[in-house]
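Novice: Okay, here's the structure, questions in a sec.
The values are calculated or read from the model by the stated rules, or taken from the named source; none is laboratory data. Since we're looking at a predicted model, the values are computed, not measured. Cβ atoms come from the backbone with ideal geometry, glycine included; neighbour counts cover every protein chain shown. Surface accessibility is based on the protein's heavy atoms, side chains included, excluding ligands, DNA and RNA. Shrake-Rupley method; radii C 1.70, N 1.55, O 1.52, S 1.80 Å.
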Amino acid sequence: MEALNLIDNFSEFKELKNIDRPALEHIIKDVFKAMIAKKYGTDEFFEVIVNSEKGNFEIYHNRTVVEDGAVEDELSQIAYSDAIKIEPDFEVGDDVAEFVDIQSFGRREILSIRQNLAGKILEYENDNIILKYKDRVGEIVTGEVSQAWKKELYVVDDEKIEMVMPKSEQIPADNFKKGDTIRAVVKSVDSKNGKPIITLSRTDETFLLRLFEMEVPEVYDGLITIRKIVREPGQRAKIAVESYDDRIDPVGACVGMKGSRIHGIVRELRNENIDVINYTTKPDLFITRALSPAKIQSISINEETKVADVYMDNDQVSLAIGKGGYNIKLAGRLTGYEIEVYRNSETETEDDVDLKEFTDEIDEWIIESLRKMGCDTAKDVLAYSPEVISSRADLEIETVNEVIAILKAEFED
């Protein structure tokens, strides 16, 4: 019965395991030869024949026929009288391949073979997974969420290979559930106790780079080069691009007609604002472009300290800083300079934030209604009572209260 179960196991491996036949046959042979060597002291005179397609195997003991009484080594020789019991036509000097019944092995040995075989196949599969995904680090993969936990997601590909995405590698607005399809970049491939650990990321800059390669043919073909990407996942990203072909506008090509190319990327990144900027080797021009949409009056750069003092009108400061300070923070990371913003006027006012920076939280039509009543910044709105805003902007009082709460939260942060 144990032997029969063992053969059944081989059939299961043949049907269910993600392993090619030559490799399976090699593993089975190695496991049996190790067991034979342990039982007899050597595997030199034994042959293991495996048919992984049918899910069966045969073991033969190869010996040379010698005259009765002349056997010196029972592993390599067989007496003539014993040989003719196997096949009556054998003669002295012939080679005999005697079938070894699996039943001749003890129950404990068969159990050991089964465990070793399962372990070897698992080890082979894990090694193959690591080799496969080592070559895919930095590539986008598509999978299905198999488990959604608070601190991480487990994702499987079409071969049921399991990958993990920690919370830190998810965009804050991501809310995947079991069964959802997900796209992410392979960030790293490691091994822990022989088990492959494939880590996915949607926050890595490489994920955004690969999305641009998928959406913008000129980037994929190398006609446009992405020089640098900086991100605050889910909030804002800045990308410096350039083209060596004067006929190609790198920014226009990346954005597409009416934003057609970049729109899909923005959706994938949960409405992350993406600024595409023309790269230049001139630091003052690069910083000016990086701080867009703010308009700069003048700039002073200290190359030794890598500090850039930027001067602008009061109404441009809030645009330069941006909501949550992301615009100036990312501009600094993109250009490699610490950017200090100064107002041109002698009288300084508190930092304010342009209403355009709230489009991810406040509907654009509401912002437009507020602008029509003369409010361009958050503090312009907060200067009025909810009732006045409701009346002048023609908005429901509940909507106004929600807007005020969002704007106040910005300054509390």
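Novice: Looking only at the range 186-205, count how many residues are open to solvent by 40 Å² or more (accessible area, probe 1.4 Å) and either polar (S, T, N, Q) or farther than 22 Å from Tyr124 by Cβ (or both).
Specialist: Matching residues across the range 186-205 total 4.
Novice: Val307 - would you say it is exposed (fewer than 15 other Cβ atoms within 10 Å of the Cβ) and without any contact (Cβ under 8 Å) to a residue 40 or more places away in the chain?
Specialist: Answer is yes for this residue.
Novice: When you look at Asp68, is it in contact with a Ser or Thr (Cβ under 9 Å, 6 or more places away or on another chain) and at pLDDT 75 or above, yes or no?
Specialist: In short, yes.
Novice: For the range 21-45, how many residues meet the condition of being touching a residue at least 40 places away in the same chain (Cβ under 8 Å) and in contact with a Phe, Trp or Tyr (Cβ under 7 Å, 6 or more places away or on another chain)?
Specialist: Within the range 21-45, residues that are touching a residue at least 40 places away in the same chain (Cβ under 8 Å) and in contact with a Phe, Trp or Tyr (Cβ under 7 Å, 6 or more places away or on another chain) number 4.
Novice: Spot the failing condition for Ile248; the list is (1) modelled with pLDDT of 95 or more; (2) touching a Leu at 6+ places or on another chain (Cβ under 7 Å), and only one is missed.
Specialist: Condition not satisfied by Ile248: (1).
Novice: Of all residues being within 14 Å of Lys39 (Cα to Cα), not in a loop (DSSP other than H, G, I, E, B) and not acidic (Asp, Glu) in the range 104-118, which is most open to solvent (accessible area, probe 1.4 Å)? Just the residue, please.
Specialist: Arg108
Novice: Check off (1) under 13 Å from the mean Cα position of the chain (by Cα); (2) among the charged types (D, E, K, R); (3) under 30 Å from Ala331 (Cα atoms) for Asp157 and give me the number that stays unchecked.
Specialist: For Asp157, the failing item is (3).
Novice: Then there's this: Would the range 285-293 turn up any residue that is in contact with a Phe, Trp or Tyr (Cβ under 7 Å, 6 or more places away or on another chain), touching a residue at least 12 places away in the same chain (Cβ under 8 Å), open to solvent by 30 Å² or more (accessible area, probe 1.4 Å) and not hydrophobic (A, V, I, L, M, F, W, C)?
Specialist: No, the conditions are met nowhere in the range 285-293.
Novice: Moving to a separate point now. If you scan the range 62-97, which residues turn out to be surrounded by fewer than 17 Cβ atoms within 10 Å (Cβ to Cβ), in contact (Cβ under 8 Å) with a residue 24 or more places away in the chain and within 21 Å of Thr42 (Cβ to Cβ)?
Specialist: Within the range 62-97, Asn62, Thr64, Leu75, Ser76, Asp95, Ala97 meet the criteria.
Novice: Does the range 120-131 contain at least one residue that is of a type in the set (Val, Ile, Thr), touching a helix residue (DSSP H, G or I) at 6+ places or on another chain (Cβ under 7 Å) and in contact (Cβ under 8 Å) with a residue 12 or more places away in the chain?
Specialist: Applying the first criterion (of a type in the set (Val, Ile, Thr)) to the range 120-131 yields 121, 129-130.
Adding the requirement that they be touching a helix residue (DSSP H, G or I) at 6+ places or on another chain (Cβ under 7 Å) leaves 121.
Right, trim to in contact (Cβ under 8 Å) with a residue 12 or more places away in the chain and you get 121.
Yes, the range 120-131 has at least one match.
Novice: In the set Tyr279, Tyr244, which member is under 30 Å from the mean Cα position of the chain (by Cα) and among the hydroxyl-bearing types (Ser, Thr, Tyr)?
Specialist: Tyr279
Novice: Please verify whether Glu53 is open to solvent by 50 Å² or more (accessible area, probe 1.4 Å), of a type outside the set (A, V, I, L, M) and at pLDDT 75 or above, treating the condition exactly as stated. Break it down stepwise before answering.
Specialist: Values: open to solvent by 50 Å² or more (accessible area, probe 1.4 Å): yes; of a type outside the set (A, V, I, L, M): yes; at pLDDT 75 or above: no.
When the stated conditions are applied, Glu53 does not pass them.
Novice: Next question. If I go through the range 225-255 residue by residue, how many of them are open to solvent by 20 Å² or more (accessible area, probe 1.4 Å) and more than 19 Å from Leu319 (Cβ to Cβ)?
Specialist: Qualifying residue count, the range 225-255: 16.
Novice: So, Gly264, is that one of a type outside the set (Val, Ile, Thr), exposed (fewer than 15 other Cβ atoms within 10 Å of the Cβ) and at positive phi or not?
Specialist: no
Novice: Let me ask something else about it. Condition first: among the hydrophobic types (A, V, I, L, M, F, W, C), out of contact with any helix residue (DSSP H, G or I) (no Cβ under 6 Å at 6 or more places or on another chain) and modelled with pLDDT under 90. Can you find one or more residues in the range 346-358 that meet it?
Specialist: Within the range 346-358, one or more residues are among the hydrophobic types (A, V, I, L, M, F, W, C), out of contact with any helix residue (DSSP H, G or I) (no Cβ under 6 Å at 6 or more places or on another chain) and modelled with pLDDT under 90.
Novice: Here is a check on your reading of the model: is Tyr154 crowded, with 19+ Cβ neighbours inside 10 Å, more than 23 Å from Lys228 (Cβ to Cβ) and either of a type outside the set (A, V, I, L, M) or at pLDDT 95 or above (or both)?
Specialist: Taking the combined requirement at face value, the residue does not satisfy it.
Novice: Within the range 132-147, take every residue that is farther than 20 Å from Asp204 by Cβ and touching a Phe, Trp or Tyr at 6+ places or on another chain (Cβ under 9 Å) and give me the one that is most open to solvent (accessible area, probe 1.4 Å).
Specialist: Gln147
Novice: Since Lys39 meets every condition but one in (1) farther than 21 Å from Ser104 by Cα; (2) out of contact with any strand residue (DSSP E or B) (no Cβ under 9 Å at 6 or more places or on another chain), which condition does it not meet?
Specialist: Lys39 satisfies all of (1) farther than 21 Å from Ser104 by Cα; (2) out of contact with any strand residue (DSSP E or B) (no Cβ under 9 Å at 6 or more places or on another chain) except (1).
Novice: Filtering the range 4-41 down to residues that are more than 14 Å from Asn116 (Cβ to Cβ) and β-branched (Val, Ile, Thr), which residue is modelled with the highest pLDDT?
Specialist: Residue satisfying both the conditions and the ranking: Ile19.
Novice: Please state which one of Ile121, Ile59, Ile129 is modelled with pLDDT of 80 or more, within 30 Å of Lys160 (Cβ to Cβ), surrounded by 15 or more Cβ atoms within 10 Å (Cβ to Cβ) and not aromatic (Phe, Trp, Tyr).
Specialist: It is Ile129.
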